[in-house]
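This structure is in structure tokens; I'll ask about it shortly.
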Amino acid sequence: MKWIEGVPAPGKVCGSCTMCCKLFDVDWLDKPKPAGKWCHHCQPGRGCAIWQSLPKGCADYFCVWRIDPDLPEAWRPDKARFILTHAHQDAPLAVLVDPSAPDAHRKEPYKSMLAKTARSILEGRGSTIVVFNGTKRSLLFPDMEVPVPDGLALHEVEIQHFKGPNGPYWRPKFPAAA
Ligand code: SF4
Ligand code: SF4
């Protein structure tokens, strides 16, 4: 996993959140870990046991909640139960779901805001938000979430734009063999 660096907004601190130590796969630690499992250095809700010698990859990472000054407290990942992140090589914006709360992003106030954001990305870039739950992936559209078949690279998915009676909408087109 490549963690893209971002600048934290003034006043935003992780506090008792340690969600990125669980929801990302991390390959630079003494013991690499898959997404959805706690790092063995993490003291959940308290912090990192090796904070005095924090690996650079960890020190450089900030989720969207830390970077965006306008995102309210409810979006702090330990409260939302998912991480909204730019730090994903396969997606402009990703939702990393906590496997123990897999529907959290489908509830309000998150659902409406994510749908609005997905629409804006689709209109501007033709790609959309990707939801990751461990190795499972889905594409988030303003009106629905569509699972991506296992093993399919995200760049193989074509996103098609349609005009309907209620306005524009988007759907994925998977390769014939998927
Ligand atoms: S997920 Fe965000 S708020 Fe939580 S510990 Fe990581 S950077 Fe901090
Ligand atoms: S080393 Fe510390 S900051 Fe990095 S993932 Fe593990 S617990 Fe989190």
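In the range 17-95, which trypsin sites (Lys or Arg not before Pro) fall in coil by DSSP and have 16 or fewer other Cβ atoms within 10 Å?
Passing sites in the range 17-95 are K37, R46.
So which aspartates and glutamates pass the test for K56, namely a Cα distance under 17 Å, with those fewer than 8 places away in the same chain ruled out?
E5, D25, D27, D30
Do any of K116/K136; K12/K136; K33/K111; K31/K173; K22/K79; K37/K173 go past 26 Å between their Cα atoms, and which?
K12/K136; K33/K111; K31/K173; K37/K173
Can you work out the FRET efficiency for the pair A74 and F174, with r the C-beta to C-beta distance and R0 = 45 Å, to the nearest 0.05?
The computed FRET efficiency comes out at 0.85.
Quick one: plug the Kirkwood hydrodynamic radius of the chain (C-alpha pairs) into Stokes-Einstein at 25 °C, 0.890 mPa s, and report D in µm²/s.
143
Seen from all sides and averaged, what is the projected area of the convex hull of the Cα atoms in the range 84-178, in nm²?
6.4
Any idea what angle helix 110-125 forms with the longest principal axis of the chain, computed on alpha-carbon atoms, 0 to 90 degrees, nearest 10?
Roughly 60 degrees between the two axes.
Return the long-range amide H neighbours of L93 (sequence gap of 5 or more, or a different chain), with a cut-off of under 5 Å between placed amide H atoms.
Correct list: V130.
Neighbouring Cβ atoms within 10 Å as the yardstick, rank V97, V157 fewest first.
Least to most surrounded, the residues fall as V157, V97.
For the chain, what is the mean residue ellipticity at 222 nm derived from helices alone (per DSSP H run of n ≥ 4: -39500 (n - 2.57); sum divided by total residues; nearest 500 deg cm²/dmol)?
-4000 deg cm²/dmol
List the relative contact order of the chain as a percent without decimals, with contacts defined as Cα pairs under 8 Å and 6+ residues apart.
Contact order relative to length: 16 percent.
Ok, one more. When only DSSP loop residues count, what chymotrypsin sites (Phe, Trp or Tyr not before Pro) in the range 63-119 have their Cβ near at most 16 other Cβ atoms within 10 Å?
Here no chymotrypsin sites (Phe, Trp or Tyr not before Pro) fit, given the DSSP loop and packing criteria.
Rank these for me by crowding, L96, L54, going from fewest to most other beta carbons within 10 Å.
With the fewest neighbours first, L96, L54 line up as L54, L96.
Since every read-out is calculated from the coordinates, none of them should be taken as a lab result. All values derive from a computational prediction rather than experimental measurement. In this analysis, Cβ positions are derived from the backbone assuming ideal geometry, glycine residues included, and neighbour counts consider all displayed protein chains.
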